[in-house]
Amino acid sequence: LFYIFPRFSQPLWRVPAISQTKIGFNEEMTMGNVSEVFNDDSMVMRVTFNGKFKPTLYWRGLVLSHFNGWSWKPASSNEYQFQQLKAIDTEKIANYEIMLEPHQKKWLFYQDNPIAAKPNLLFSPQAGLVQSTNAPLYYRLSYSLIDNIPTYHPITLKERQQNTALPSHGNPRLRKWAKQQFAAVNNNPEALIALIARRINHEPYWYSLKIGNKGISPNAMDRFWFETKRGYCEYYTGAVTIILREAGIPARVVVGYHGGKWNPVAGYLTVQQNDAHAWLEYWKEGGGWQHVDPVTFIDRQRIDPTIHQKRADEETKQLAIFEKLRGNRG
């Protein structure tokens, strides 16, 4: 699925040379102009697994909880605390190792719930993963992680308020629609998400690189949801997160990468800039934060043909490389 579904209109992370200092990734998600990220195949990281490769991997980078009506940003640093992860014992084997290129910000990438690391790393479920120094990454970094299923803890009042907050004005049609639909499903969060999935799948919502008017507007999500129905992952993730928050369901945006290119000969995964992606999480009482990727609801027939062609070309190129390598080894 990660070969055909939407990516960011502008890259979250641009990998610079060590000598460069002006390029980094944006620590926010904004409904911006379409840029060249679709054609940006520069490498972000290389992942080696110590177990079976899973092709549907989501690589978390940063949690975004604050919405100002146009862009999503992380919580301020005084709203979360980092805890040092346990060191990986010499007798234990990490789930995977990441070789991360310098991106000049402090955030590292991981899967669901890291519990141990090598070298020492700091982790916050409300923010993300960083080095023990909490410093930006200016040089290539290799680190290993062990993951585990998150332990359930009830959501705090502060977290609930933070992840249901919306600006006082903006997107009135979408917010009205959210309340109406939530009431229609008897205030059931799972039923509301199922209703949203059916709407995106059955109505003419498109993943398209052409989205029409791209100017900043406090009602941009109204126009997307009810009129243009065209966009990329920022639009779908942003709209659904607003819907859930308006219904009183805590929800937050997660930005990172989805998938990558698996090299079966060398045995590693390469993640590139054009794998950048956004999805969301909503709070389920008794279950904790639940993953939702709204772009997977889009009917595959309504994905821009140029994207299909590019992904097909990439697959053909990769197969040719693998066949050449096998031939040389034979």
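None of the figures in this text is laboratory data; all of them are computed from the coordinates on show. These numbers come from a predicted model, not from an experiment. All Cβ positions, glycine included, derive from the backbone under ideal geometry; neighbour counts span all protein chains shown.
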Residue separation times 0.36 nm, minus the C-alpha to C-alpha distance between residue 132 and residue 147: what's the value? 3.6 nm
Please work out the FRET efficiency for the pair residue 302 and residue 161, using the Cβ-Cβ distance as r and a Förster radius of 45 Å; give the result to the nearest 0.05. 0.75
Sorted from largest down, give the three principal axis spans of the alpha carbons of the stretch 150-295, whole angstrom values. 53, 43, 28
Cα-Cα separations in the stretch 108-211 greater than 16 Å, expressed as whole percent: 75 percent
Among all the aspartates and glutamates, which ones have a C-alpha under 14 Å from residue 73's C-alpha, if same-chain residues fewer than 8 places away are not counted? 27, 28, 234
With no solvent term and unit scatterers on the alpha-carbon positions of the stretch 195-247, Debye gives log₁₀ I(q)/I(0) at q = 0.24, 0.32 Å⁻¹ of -1.00, -1.55
Taking N as its residue count, the alpha carbon Rg of the stretch 76-115 over 2.2 N^0.38 Å: 1.46
Label-point gap, in nm, between residue 49 and residue 68 - each point 7 angstrom along Cα→Cβ: 4.0 nm
Here the residues of the stretch 125-164 lying in the modelled label zone of residue 87, meaning backbone nitrogen under 18 Å from a point 7 Å along Cα-to-Cβ, are 131-134, 142-146
Entries in 106/284; 179/229; 176/229; 52/92 that, when Cα-Cα distance is taken, lie over 24 Å: 106/284
For the stretch 212-307, which GluC sites (Glu not before Pro) pass both filters: DSSP loop (anything but H, G, I, E, B) and at most 12 other C-beta atoms within 10 Å? 285
From zero up to wherever the largest Cα-Cα distance of the stretch 117-159 sits, split into 10 Å bins and tell me the percent of pairs in each. 20, 47, 24, 9
